[in-house]
């Protein structure tokens, strides 16, 4: 097969999957398919064939025509293997399509191997037409195994989450609610995990956050306190992750999209005195969430490895105060505590090239950056009042693929400072004005430079 025909085959297969839906996969495709699998059908292992036969025997031929593959998470197979009853042997949890069930076609079948082969224990109705994700958690405190399953439904904006408990060969549903994004976390300080549920809205209307946990008094899993109305109307989420504030207290850091191509951050924590969720960005004087609004698709991260999460707050670099097409920004990665911002680290982030540069304190308000459009090379200058009249250059950073052509003249001026996979990061520090407080050397650059 020629390269051109192979490319067309891959492309047509890709669009076919988009139109047909990733969940519509035959019983003969137990492995999560990739592009290579579309060209070469996967072969089943003997164990997979046994499980498939046991499923057909349990539910009847023709009723399990399509397996349902979770769309994200650690478990991406329609056959999820896990030790549900802590006997040292893995059971199989199978998600499949039952066309005879007109409400929710997705079904769950749990199978066990007792030494004489695989046999179905029970089948359960799902709560959607597709599976979003599966997690094994410790939320209910009821012993056994807690199973968290997110479900999707056709033409519905919100997903449905069910918390199940599997014990003594039986699975029962303990909790159900809606979400756009969820996170298993530890916010309340209890013995067991909590479940944070976030909503989003394509209509840019206010959206809510909910925290589910074990309520010891009632011995049930349910929403604690009131639903919290998020400061920003997220239309979707980039990342939702657990982290620590600078006072080492737990919080959830939420990076999401707003309408109009902007991004924003919110930080939620659990107020134990009032027993409810609230935002760490709301203060009497400032609403710090407004300072996180940006056009750059960057997220919260621990940029210095101290275990404390840093939140991006952008400001225009000198010369870019008026919004323009290729504006450059200083990203102030900020730590929070109960009084507000406790530490601020100024950086510039080249997301496309995959690196950031931490600005020395002496560079703030005095150094700006320009970009060479053809090469994506960044050049750092002493700002003298006009982008069109920059004269004193402090630094250049460019990125090559090891497979790309290298300009032979670069070897005389640029020094390789980092590699990542096939990419090589080069720096050049021109001769700067003697004695300038803004001049750096390669040793300082090593401390300033960080890969994303």
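The values are calculated or read from the model by the stated rules, or taken from the named source; none is laboratory data. Remember, it's a predicted structure, so these values are computed and weren't measured experimentally. Cβ: placed from backbone, ideal geometry, glycine included. Neighbour counts: every protein chain shown.
The requirement of being modelled with pLDDT of 90 or more, over 26 Å from residue 176 (Cα atoms), in contact with a strand residue (DSSP E or B) (Cβ under 7 Å, 6 or more places away or on another chain) and surrounded by 21 or more Cβ atoms within 10 Å (Cβ to Cβ) is fulfilled nowhere in the range 213-230; no residue meets it.
Of the residues making up the range 227-237, those that are in a strand (DSSP E or B) and closer than 14 Å to residue 267 by Cα number 3.
When only residues in the range 422-449 that are in contact with a strand residue (DSSP E or B) (Cβ under 9 Å, 6 or more places away or on another chain), loosely packed, with under 15 Cβ neighbours inside 10 Å and modelled with pLDDT of 90 or more count, which is farthest from residue 359 (Cα to Cα)? Across the range 422-449, the extreme among qualifying residues is 442. Candidates 122, 142, 133: the one that is surrounded by 13 or more Cβ atoms within 10 Å (Cβ to Cβ) and modelled with pLDDT of 95 or more is 133. The number of residues in the range 264-287 being over 14 Å from residue 230 (Cβ atoms) and in contact (Cβ under 8 Å) with a residue 24 or more places away in the chain comes to 6.
Just one of (1) assigned by TED's automatic domain parsing to the domain that holds residue 46; (2) in contact (Cβ under 8 Å) with a residue 24 or more places away in the chain; (3) closer than 26 Å to residue 185 by Cα fails for residue 99. It is (3). Criterion applied to 220, 299, 267, 252 was being within 16 Å of the chain's Cα centre (by Cα) and within 30 Å of residue 172 (Cβ to Cβ), and the one residue passing it is 252.
Only a single item in (1) surrounded by fewer than 18 Cβ atoms within 10 Å (Cβ to Cβ); (2) within 30 Å of the chain's Cα centre (by Cα); (3) modelled with pLDDT of 50 or more is not met by residue 102, and it is number (2). Would you mention how many residues in the range 206-220 are under 16 Å from residue 161 (Cα atoms) and either in contact with a helix residue (DSSP H, G or I) (Cβ under 6 Å, 6 or more places away or on another chain) or free of Cβ contacts under 8 Å to residues at least 24 places away in the same chain (or both)? Number satisfying all stated conditions: 1. Of the residues making up the range 187-203, those that are part of a loop (DSSP other than H, G, I, E, B) and farther than 13 Å from residue 237 by Cα are 187, 188, 189, 190, 191, 192, 193, 203.
Take the range 160-200 and flag every residue that is within 23 Å of the chain's Cα centre (by Cα), in the same structural domain as residue 123 (by TED's automatic domain parsing) and either without any contact (Cβ under 8 Å) to a residue 40 or more places away in the chain or at positive phi (or both). Within the range 160-200, 160, 161, 162 meet the criteria. Restricting attention to the range 151-182, the residues that are assigned to a strand (DSSP E or B) and under 23 Å from residue 86 (Cα atoms) add up to 12.
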